[in-house]
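> What follows is a structure written as structure tokens; I'll ask about it next.
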Amino acid sequence: MQQIQIFLLYALAGWINREHHKIIDYLLEENKTWRELYGKKRPRLNEDQRRRLAVKGKLLGRKILDRVGCIVTPDTLLRWHRRLIARKYDGSSRRGPGRIRKPDVIRDMVVRMALENADWGYTRIAGAMSHLGYDVGRSTVQRILNEHGIEPSFDRKRRGSWKEFLKAHWEGFAAADFFNVEVWTPRGLVRYHVLFIMELYTRRVHIAGITASPDSVWMNQIGRNLTDAFDGFLVGKKFLIHDRDPLFTKRFRESVRDAGCRAIRLPRRSPNLNAHAERFVRSIKYECLNKIIPMGEGHLRKAVTDYVDHYHQERNHQGLDNRLIEFNGQAGNQKGKLRCRERMGGIMKYYYREAA
């Protein structure tokens, strides 16, 4: 009886195995037919379908999957399986925010120190920050500078810019230039020439002379006035920049050089090399002279003098961070009565508050 039971068990197992082979053969043929119809185009599966295939494919292994001929490659199935394992042990949802980002005031100060001091390294900047009461590590300084695309001090030292070079010698530079104004006189329209000198560091302007007939004698006297040992505008200056106007005579340049100031003649047709002086010419014409009709030399001198005073004491300059050239210490007062100072009949206005 026991032998009959074993025989029946083997027969049933063989029948089941044959049925499984038939099912597998059919599925293989079905996969083959599907691949013949759609070629190399891969189906777009959702997450649930990928999960089911990955679980089943892991049980078979790579060799069997290669022989079966799946709708996706064995590498894809195994990659989906590895992704399921990684998702199981993913702790990103329980992860903390990490290290707190440094405040913007610290980051801005680190960047400023690096830009203004090319030879300061990470440790030097961290030390300077500690003197200001900020505890910043060397690696933090390095990370902040890397985020702003600032190179290490070794690379910054090798490449100095013209802007840095000029700023290092800024206080010794002055610029000279002429501008012309048509003035009504008893003889009709007369062209007057106005010579001015600008101190580039402070933007202060000095009107050196106004005349209708400039010549070498007049320029020589102007040169002596500018280099006077007591109140000459060029005292202490090392360089005077000017264009190639013939009025800047050789004798004028020699008188300036004898006072210790070297006259530098700019190349022809290069107004951009004397940009600050050119900008003053545009300002005085646009803001003042183009709005009036000068009636005589006295009227012209009055207009130029008033504008220079306005330029120094009342006009904000964008190149100086919107500050005044001659600051009187009254800015920001909100308690006094509002007043308006007018020049040239209201062409130029300045608003201020009376001292409280």
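> Taking 0.36 nm per residue of separation and subtracting the Cα-Cα distance, what length does fully extending SER213 through LEU115 add? Don't skip to the end; give the middle numbers.
Details: separation 98, 0.36 × 98 = 35.28 nm, distance 4.92 nm.
Computed gain between SER213 and LEU115 is 30.4 nm.
> At 7 Å along Cα-to-Cβ for each site, give me the label-to-label distance between GLU326 and ILE100 in nm.
5.0
> Based only on the alpha carbon positions, what is the Kirkwood hydrodynamic radius of segment 246-321, in angstrom?
15.2
> Skipping prolines and chain starts, which residues have an amide H placed within reach, meaning under 5 Å, of the one on ASP177, given they are 5 or more residues away or on another chain?
PHE196
> I need the calculated FRET efficiency for the pair ASP135 and TYR201, taking r as the beta carbon distance and R₀ as 25 Å, to the nearest 0.05.
Computed FRET efficiency for ASP135 and TYR201: 0.10.
> What list of ³J(HN,Hα) couplings, whole Hz, do you get for segment 220-226 from phi and the Karplus terms 6.51, -1.76, 1.60, once you set θ to phi - 60° and write x for glycine and proline?
Each residue of segment 220-226 in turn: 4, 5, 4, x, 5, 5, 5 Hz.
> What net charge is computed for the residues neighbouring LEU195, neighbours being all others with C-beta under 10 Å from the C-beta of LEU195, Lys and Arg scored +1, Asp and Glu -1? List each step's numbers first, then the result.
Working: positive: none; negative: ASP177, ASP245.
Net charge around LEU195: -2.
> Once you place label points 7 Å from the Cα toward the Cβ at HIS312 and ARG83, how far apart are they in nm?
Here the modelled spin labels are 7.5 nm apart.
> Something else: Past the 26 Å Cα-Cα mark, which pairs from LYS285/LYS349; LYS291/LYS335; LYS302/LYS349?
Where the Cα-Cα span goes over 26 Å, the pairs concerned are LYS291/LYS335.
> Let me ask something additional. Could you give the distance between the Cα centres of segment 215-277 and segment 280-314, to the whole Å?
Between the Cα centre of segment 215-277 and that of segment 280-314, the gap is 23 Å.
> Here's another thing I want to ask about it. R0 = 22 Å: FRET efficiency of ILE264 with PHE230, Cβ-based, nearest 0.05?
Efficiency for this residue pair is about 0.30.
> Okay, next question. Rg to Rh for segment 104-160: what is it, with Cα atoms only and Rh by Kirkwood? Write down the numbers at each step before the final one.
Working: Rg = 10.3 Å, Rh = 11.0 Å.
Value, to two decimals: 0.93.
> Quick one: what are the phi-derived ³J(HN,Hα) couplings along segment 179-192, Karplus 6.51/-1.76/1.60 with θ = phi - 60°, whole Hz, x for glycine and proline?
Couplings: 9, 10, 9, 7, 10, 7, 9, x, 8, x, 6, 10, 7, 9 Hz.
> Label segment 170-326 by shape, choosing from rounded, prolate and oblate, from the square roots a ≥ b ≥ c of the eigenvalues of the Cα gyration tensor; if a/c is under 1.5 it is rounded, and otherwise prolate applies when a/b is larger than b/c, oblate when it is not.
Because a/c hits 1.5 or more and a/b fails to exceed b/c, segment 170-326 counts as oblate.
> Going by C-beta contacts inside 10 Å, put GLU314, GLU354, GLU151 in order with the fewest on the left.
In order of increasing Cβ crowding within 10 Å: GLU354, GLU151, GLU314.
> Right, next: Fully extended, how many nm does the chain gain between SER283 and HIS299 (0.36 nm per residue separation, minus their Cα-Cα distance)? Could the numbers behind the result be given before it?
Details: separation 16, 0.36 × 16 = 5.76 nm, distance 1.86 nm.
Taking 0.36 nm per residue and subtracting the Cα distance, the gain is 3.9 nm.
> Multiply the residue gap between ARG124 and ILE150 by 0.36 nm, knock off their C-alpha separation, and tell me the result in nm, one decimal place.
7.8 nm
> Provide the per-residue ³J(HN,Hα) series for segment 229-239, in order, calculated from phi with Karplus coefficients 6.51, -1.76, 1.60 and θ = phi - 60°, each as a whole number of Hz, with x at glycine and proline positions.
Those phi angles translate into 5, 9, 10, x, 5, 8, 5, x, 8, 9, 9 Hz.
> Between TYR351 and ASP108, what is the FRET efficiency for a Förster distance of 30 Å, r being their Cβ-Cβ separation, to the nearest 0.05?
Efficiency, from the Cβ-Cβ distance: 0.45.
Read-outs throughout are calculated quantities, based only on the coordinates presented, and are distinct from any laboratory measurement. All of these numbers come straight from a predicted model, not from anything done at the bench. Here the Cβ is made from the backbone with ideal geometry for all residues, glycine too, and neighbour counts use every protein chain on show.
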